[in-house]
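Student: Just dropping this structure here.
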Amino acid sequence: MEREAFVRRISARLGDAASRGPALEPPVLPPTVGEDEGLIPLFTRRAAEAGVAVDRVETRADALEAVAGLLAGRGEAATLACPEDLRRPGLGGRWASDPRMATVGLSEADWGIAVTGGVVFRHEGSRGRSCSLLPATVAILLPVSRLRLDLAAVLREVAGLPAPACITFMTGVSHSADIASVTCRGVHGPGEVVLWLIDGE
């Protein structure tokens with residue numbers, strides 16, 4: 001069946017029979033990176049294009065203070081889910097035992113990929129996937145020293161390490177436009193992602 005006919009049929013079944021016009025072509029990303037653009041500006045720009053709010057801080061303490069501020073801004077009932085090694089008294093102590101019920105999930109990325117604005121997590125031990133996948137809002141810590149230009153650079157490092165339980169690649173907020181080309185956020189993961197680049201690490 002022709003794509004346009006299929007989309008019209010689905011739209012009609014959803015009660016949205018209005019013409020949407022021809023499908024938009026997917027955006028074409030530049031094939032190369034300008035030599036004058038460093039990793040940090042490139043990563044920040046690409047992450048923002050993917051819907052991620054990026055902020056730079058000097059130290060880990062500054063990042064954790066910002067996470068505490070994010071949590072406080074969500075109200076007195078807001079809770080935080082994070083791995084044990086990221087828990088700090090200054091984060092407010094409002095811990096969620098179940099990440100599915102948490103207001104905010106906090107994780108630390110193992111690498112950042114500049115050309116996509118994505119991050120990579122190696123999950124093992126107490127650092128499972130749940131805190132970066134299940135809460136509606138996910139906060140991510142990323143030391144600047146872990147930024148790499150592209151996926152190939154990350155995979156070269158991954159190949160030299162013991163295999164973890166799982167590796168997750170995250171680029172932006174979760175979104176889907178599978179039905180009638182209507183974009184919905186937070187469908188298969190977080191609908192909001194906030195990331196702090198830590199300059200001092």
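Coordinate-derived values only; no laboratory data. None of these values were measured; they are calculated from a predicted model. Positions of Cβ are backbone-derived with ideal geometry, glycine not excepted, and every protein chain shown enters the neighbour counts.
Student: Just to check your reading of the model, which residue among R122, R60 is over 23 Å from C166 (Cα atoms) and of a type in the set (D, E, K, R)?
Tutor: After applying the criteria, what remains is R60.
Student: Do you know which residues across segment 98-110 are within 12 Å of the chain's Cα centre (by Cα) and part of a strand (DSSP E or B)?
Tutor: G105, L106, S107, E108
Student: Across segment 86-97, which residue is surrounded by the most Cβ atoms within 10 Å (Cβ to Cβ) among those that are over 19 Å from the mean Cα position of the chain (by Cα) and closer than 23 Å to V54 by Cβ?
Tutor: Of everything passing the filter in segment 86-97, L91 is surrounded by the most Cβ atoms within 10 Å (Cβ to Cβ).
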